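Worksheet: one structure, shown below.
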Amino acid sequence: MPTHPGLKSKHNQAAAIVADMTLEEKARFCSGKSFWHLERLERHNLPNIMVTDGPHGLRKQVQDADHVGLNKSVPATCFPTACALAASWDVELLEEVGRALGRECAAEDVTVLLGPGVNIKRHPCCGRNFEYFSEDPLLTGKLAAALINGVQSQGVGTSIKHYAVNNQEHGRMYVDAIVDERTLREIYLRGFEIAIREAQPWTVMCAYNRVNGSYCSEHNWLLNEVLRDEWGFEGLVVTDWGATNDRVAGVQSGLDLEMPGSGGVNDERVLRAVQAGELKPADLDRAIQRNVSLSLLGAELEARQDAVDLAANHNLAHRAACESAVLLKNDDSLLPLNLESRIAVIGAFAKRPRYQGAGSSQVNPTQLDNAWNALSDMQGDRLTYAAGYEPKQSPLDDALIAEAVANAEAADVAVVFAGLPGIYESEGFDRSHMDLPEQHNRLISAVSAANPNTVVVLANGAPVTMPWLAEVPAVLEVYLPGQAGGAVADLLFGNANPSGRLAETFPLARTDVKADAYFPGEGRQVQYREGLFVGYRYFDSAEAPVLFPFGHGLSYTTFSYGEAILTEDPTPTVSVEVTNTGQVAGAEVVQLYVHAAASPVYRPEQELKGFRKIRLAPGQSRTVSFSLTADAFTYFDVGHGQWVHPGGEFELRIGASSRDIRTVVSFATTGSTEPSEAARAPRPAPDQPATDTAFAAMLNRELPEAEAVRPFHLNSSLAEVGETWLGARFKARVVTGFMANMGGGSNDATLNKMFEEMANNMPLRALVLFGRGQIKPAQLELMLALLNHRYLRALKLWLRS
């Protein structure tokens, strides 16, 4: 349940203020005053409250604001990123991290922390996957709800993002995601729905992209019909930074707050629309009432004197890193290591860790641990070190490998720290492949050939291929562990027992992913032809081999499962006894999957419907129970336009991963509604490509035409206009100015690549927002006229200006 009453607690007070505001004041309150601040209204004591980036730490910039992490922010605890926290499968931990984040925000007078990100990991090559939780909507929703409740318990709001279907970086500001409604409801909206119903975030951040033809910032079905009317959302909708397409249409469709401010351009459009009778005053008042409610909540922070125990938060970050690490492989129990062993520490990430992602989520940590220092504290002079690679780009270097091999040959154990440099994955661009840098792969193979006792510790934000997997006995996945990444030393020596489980499937190859044939789309459109076949829903349905399955993770102990027991009075409940059969304490994640044994409608082979993380001492047993609500058996029926419980025979599968089912019990249930004819329509088999006809039938309508590239328009990207002689010169100047406005030049290749890709994919309309007054709407009109060879119009515009 929500831990704070949120905006509704200020509803009446805000309504009285809005009734007293002038039309000009209301128009001004439609957008932010600056990059991170909302407007103030002194005569009603409304301060210009601050919102700022998260989601795994506070990124409050006090000067030279930018959206993508170039400029310094105040020191704050950098917790493990979402990809790591999700692997903990621990809702209590997520809520505890949320409370710590909320306290740090309150101490800095930040009203809203912009997160968490709950977009589904449709494809492992999405460049921003490190900022998202899972490929599964139930796990995503439950973890997001816990984090939100934790933050908001401290009187600080959150902004769940990016609503909706923002599953790639390529073309994210204009691409049209074409998704059938059942897939949309069951996969891409379900995580949002769970979090909103269970936690009521103060704000929802709409995505840049379009969904089935309409921009999310003016998508009435998404923002009003689904979000508010069906789910009961009580907060406000804010744009992602620069996501506004048509501000007046946005107000009409449920968009409340535009960020950042447009320099008054869009406020003036709203004002004129009301005066011309094109925008109902009631629609504007509704949006402003929500915005004022948020300002009233933020005003309460000014009276507080919040203190933060940063040392305690660092300890929490350390524990979270331990809880999130996934032991992928541990042949012959090589781990944990013996303190008396001579250990060759190999890999630059041991000293210069990759601990968070690149882009708008970058946190300035209060301190930064590394594995080398932590291991040295435990082992002293029994360690040797070799860099093995250059950490920023990792070009091929045989000399570094040779040094590492020499160290490995002289050691009892070699521990190789490898992974993805920031330039391989970042906000702003997608990965083109799933491989580690070739230098890392060669290093691991060479070291393992020199020393059979080789442990690989991986730091990455998304699945990678492992061509050397058969050559090494142990692999520990730590993802991006935050500022307390030195926790890996506790894991390697057994002071902490790995208890993370994969929240995403690790495929053998990129091409094994069902969505790969359609990712990232063509032109200005991406079609989700794989339907429900996302992640393990595809791999398990197709019985396709994987590198590591969803839910997988080993431990330094072992667990046994008893027989599943089903009781039906008063509520159907399935229970299982789990016992720690090993010699050390450990944690197990008990997972419940439901399989429709005989269904009149298409269903994936199985779907996660419950999970519980338990901690057991050696020899201890505990019974884990799952209550079975209707949600465990329903599907979305597009014919009926609602969730339907069809009844029938189901298997309740309990196990340690989607491929490690330990016990099964059958359950027959009576349905509430017969499936519609549309729901009974055949679907393509998981191992067969969808046809155009089948996909159109899924949508139950004609596929929307892709937005035209030419003639050029305000939603044309810089890359598209850059294909012309004039456009290329315009683009070159804009990119230079964009980088200067967003924080200046950088020697960081990752940031430069991110900026270049973001600029290439930026629609022309966004230049007014990010140009900080250097580009005016009239200038864009003139440039479009020239690009489209409308020279007479261009002359008239030039004379008018």
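The values are calculated or read from the model by the stated rules, or taken from the named source; none is laboratory data. Because the structure is a prediction, the values reported are computed rather than measured. Positions of Cβ are generated from backbone atoms using ideal geometry, with glycine treated the same way; all protein chains shown enter the neighbour counts. Just the protein is used for accessible areas: all its heavy atoms, side chains included, with ligands, DNA and RNA removed. Shrake-Rupley method; radii C 1.70, N 1.55, O 1.52, S 1.80 Å.
All other residues with a Cβ under 11 Å from the Cβ of residue 428 taken together, and with Lys, Arg as +1 and Asp, Glu as -1, what is their net charge?
Values: positive: 128, 172, 753; negative: 169, 425, 427, 430, 756, 757.
Taking every Cβ under 11 Å from that of residue 428, the sum is -3.
Return the inverse of the average 1/r over all pairs of distinct C-alpha atoms in the stretch 457-522, which is the Kirkwood hydrodynamic radius, in Å to one decimal. Write down the numbers at each step before the final one.
On the way: mean 1/r = 0.0702 Å⁻¹.
About 14.2 Å for the stretch 457-522.
Quick one: net charge of residue 301's neighbours, Cβ under 15 Å, K/R +1, D/E -1? Present the calculation step by step, with values, prior to reporting the outcome.
Details: positive: 10, 40, 60, 103, 304; negative: 104, 108, 109, 300, 302, 306.
My count for the surroundings of residue 301 gives -1.
What FRET efficiency would be calculated for the residue pair residue 280, residue 781, taking the C-beta separation as r and a Förster radius of 25 Å, to the nearest 0.05?
Working: r = 28 Å, r/R0 = 1.12.
For residue 280 and residue 781, the calculated efficiency is 0.35.
Please label the shape of the stretch 158-205 as rounded, prolate or oblate, based on the square roots a ≥ b ≥ c of the eigenvalues of the alpha-carbon gyration tensor (a/c under 1.5 means rounded; beyond that, a/b larger than b/c means prolate, else oblate). Can you show the working numbers first?
Numbers: a/c = 3.28, a/b = 1.37, b/c = 2.40.
Because a/c hits 1.5 or more and a/b fails to exceed b/c, the stretch 158-205 counts as oblate.
For the pair residue 560 and residue 631, what calculated FRET efficiency results from E = 1/(1 + (r/R0)^6), where r is the Cβ-Cβ distance and R0 = 30 Å, to the nearest 0.05? Mind showing how you got there, number by number?
Details: r = 29 Å, r/R0 = 0.97.
According to the calculation, E is roughly 0.55.
Using the heavy atoms of the protein chains alone and a 1.4 angstrom probe, what is the accessible area of the stretch 603-656 per residue in square angstrom? All intermediate terms of the calculation are to be shown ahead of the outcome.
Working: 2020 Å² over 54 residues.
With all protein chains present, the stretch 603-656 gives 37 Å² per residue.
Order the peptides 514-523, 546-555 from the highest to the lowest mean number of other Cβ atoms within 10 Å of their residues. Working shown, then result.
On the way: 514-523: 17.8, 546-555: 22.2.
So the order, starting with the most tightly packed, is 546-555, 514-523.
How large is the translational diffusion coefficient of the stretch 213-369 in µm² per second when you combine the Kirkwood radius over alpha carbon pairs with Stokes-Einstein at 20 °C and 1.002 mPa s? The partial results should precede the final answer.
Values: Rh = 20.9 Å.
Result for D is 102 µm²/s.
Quick one: of the DSSP bridges fully inside the chain, what percent are antiparallel, nearest 5? Intermediate values should be presented prior to the final figure.
Numbers: 55 of 95 bridges.
Just about 60 percent of them are antiparallel.
Multiply the residue separation of residue 710 and residue 774 by 0.36 nm, subtract the distance between their alpha-carbon atoms, and state the gained length in nm to one decimal. Mind dumping the intermediate values first?
Details: separation 64, 0.36 × 64 = 23.04 nm, distance 2.55 nm.
Result for the pair: 20.5 nm of gain on full extension.
Out of the DSSP beta bridges found with both residues in the stretch 163-310, what percent are antiparallel (nearest 5)? Intermediate results must be reported in sequence, preceding the final value.
Values: 2 of 10 bridges.
For the stretch 163-310, the DSSP antiparallel bridge percentage is about 20.
Taking the Cα centre of each part, how many Å lie between the stretch 500-544 and the stretch 357-432?
30
What is the distance in Å between the Cα centroid of the stretch 87-110 and that of the stretch 255-298?
Here the answer is 31 Å between Cα centres.
Could you check the simple spin-label distance between residue 265 and residue 230, using points 7 Å along Cα→Cβ, in nm with one decimal?
It works out to 3.4 nm between the two label points.
Please list, or write none, the lysines whose alpha carbon is within less than 21 Å of the alpha carbon of residue 514, excluding same-chain residues fewer than 8 places away.
Those lysines meeting the cut-off are 121.
Once you sort the root eigenvalues of the Cα gyration tensor of the stretch 365-426 as a ≥ b ≥ c, which label holds: rounded (a/c under 1.5), prolate (a/b larger than b/c) or oblate (the other case)? Numbers along the way, then the final one.
Working: a/c = 2.78, a/b = 1.12, b/c = 2.49.
Oblate.
Measure off 7 Å from each Cα along the Cα-to-Cβ vector at residue 756 and residue 670, then give the distance between these two points in nanometres to one decimal.
Going by the 7 Å Cα→Cβ label model, 6.6 nm.
Please work out, to two decimal places, the log10 of the ratio I(q)/I(0) at q = 0.10, 0.13 Å⁻¹ from a Debye calculation in which every Cα of the stretch 355-494 carries one identical scatterer.
Rounded to two decimals, the profile gives -0.33, -0.57.
Could you list log10 I(q)/I(0) for the stretch 49-184 at q = 0.11, 0.18, 0.19, 0.20 Å⁻¹, which the Debye formula gives when each Cα is one point scatterer?
-0.40, -1.02, -1.11, -1.19
If I model a spin label as a point 7 Å beyond the Cα along the Cα-Cβ vector, how far apart are those points for residue 305 and residue 660 in nm?
5.2
How much length is gained if the chain between residue 723 and residue 48 is pulled fully straight, taking 0.36 nm per residue apart and subtracting their Cα-Cα distance, in nm to one decimal? If you can, show how the numbers build up before the last one.
On the way: separation 675, 0.36 × 675 = 243.00 nm, distance 4.21 nm.
In short, 238.8 nm is gained.
Within the set of other residues whose C-beta is less than 9 Å from the C-beta of residue 361, count the net charge using Lys and Arg as +1 and Asp and Glu as -1. Don't jump to the answer; show the numbers that get you there.
Values: positive: 59, 128; negative: 53, 131, 427.
Every neighbour counted, the sum reads -1.
Just how many % of Cα pairs in the stretch 505-659 lie over 20 Å apart, if you round to the nearest whole percent?
Working: 7100 of 11935 pairs.
Of the Cα pairs, 59 percent sit more than 20 Å apart.
Run the dipole for the chain about the Cα centre, Lys and Arg Cβ at +1, Asp and Glu Cβ at -1, nothing else charged, and hand back the magnitude in debye, nearest 20.
Numbers: 71 positive and 96 negative charges, 416 e Å.
Taking the Cα centre of the chain as origin, the dipole is about 2000 debye.
Please report the carbon-and-sulfur percent of the accessible area for the chain; probe 1.4 Å, protein heavy atoms only, DNA, RNA and ligands left out. Please report the intermediate quantities before stating the final value.
Working: 13670 of 28400 Å².
Ligands and nucleic acids excluded, carbon and sulfur give 48 percent.
Regarding the stretch 227-284, what's the average projected area of the Cα-atom convex hull, expressed in nm²?
4.2
How many times 2.2 N^0.38 Å is the alpha carbon radius of gyration of the stretch 133-252? It would help to have the intermediate numbers written out before the result.
On the way: Rg = 13.6 Å, N = 120, 2.2 N^0.38 = 13.6 Å.
It is 1.00.
When ligands, DNA and RNA are left out and all protein chains stay put, how many square angstrom of accessible area per residue does the stretch 78-207 have with a 1.4 Å probe? Intermediate values should be presented prior to the final figure.
Details: 1650 Å² over 130 residues.
Computed with neighbouring chains in place, this is 13 Å² per residue.
Just the accessible area per residue of the stretch 306-420, please: how many Å² with a 1.4 Å probe? It would help to have the intermediate numbers written out before the result.
On the way: 4680 Å² over 115 residues.
With all protein chains present, the stretch 306-420 gives 41 Å² per residue.
Once the Cα gyration tensor of the stretch 406-466 is found, what semi-axes does its equivalent ellipsoid get, as square roots of 5 times the eigenvalues, in whole Å, sorted largest first? Present the calculation step by step, with values, prior to reporting the outcome.
On the way: eigenvalues 142, 19, 14 Å².
So the equivalent ellipsoid measures 27, 10, 8 Å along its semi-axes.
Can you tell me the Rg and Dmax of the chain, counting just the alpha carbons, in angstroms?
26.5, 85
As a check on your grasp of the helix formula, calculate [θ] at 222 nm for the chain: sum -39500 (n - 2.57) over DSSP H runs of n ≥ 4, divide by the residue count, round to the nearest 500.
Working: 22 runs with 231 residues, N = 801.
Estimated from H runs of four or more residues: -8500 deg cm²/dmol.
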